[in-house]
Amino acid sequence: MIRLVADDCTVVLDEKQVTKIQFWLLELLPAWRCEVVPGPGVEIVVPDVDRQLDDITPWVLSKLEEIVGCTLHPG
């Protein structure tokens, strides 16, 4: 399971941002599911038991952080 949390607890995502995050993770991991809590307190969870944080490349992580607008860390 992968769980990422935004460093800035005040960030709120709109529907377009949530869809972009899901696209990147479902297409590039690939994963079965991706849950995004839009905030405040953004949380991204990939509940697939066979996925780990190491599966997210630095490039994908930077793309997710660009969409969220702040740094993400394991939660």
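Structural remarks
- Max mean-square fluctuation residue, GNM over the chain, Cα-Cα springs under 10 Å, options Trp24, Trp32, Trp59: Trp59
- Compared with the dominant principal axis of the Cα atoms in the chain, helix 58-68 is inclined by about 30°.
- Computed over protein heavy atoms with a 1.4 Å probe, the carbon and sulfur contribution to the accessible area of the chain reaches 56%.
- Diffusion coefficient of segment 4-75 by Stokes-Einstein, Kirkwood radius over Cα pairs, 25 °C, 0.890 mPa s: 205 µm²/s.
- At 0.692 mPa s and 37 °C, Stokes diffusion of segment 1-45 via Kirkwood alpha-carbon radius, µm² per second: 310
- On Cα atoms only, tilt of 15-28 relative to the major axis of the chain in degrees: 20
- For Thr10, the accessible surface of its heavy atoms amounts to roughly 100 Å² (probe 1.4 Å, protein chains only, rounded to the nearest 10).
- Glu35 accessible area, 1.4 Å probe, all protein chains in place, Å² to nearest 10: 80
- The helix-only estimate of mean residue ellipticity at 222 nm for the chain, built from DSSP H runs of length n ≥ 4 each weighted as -39500 (n - 2.57), is -10500 deg cm²/dmol after division by the residue total.
The values are calculated or read from the model by the stated rules, or taken from the named source; none is laboratory data. What you see is a predicted model, and the numbers here were worked out from it, not measured in a lab. Note: accessible area is taken over every heavy atom of the protein model, side chains too, but ligands, DNA and RNA are not part of it. Shrake-Rupley method; radii C 1.70, N 1.55, O 1.52, S 1.80 Å.
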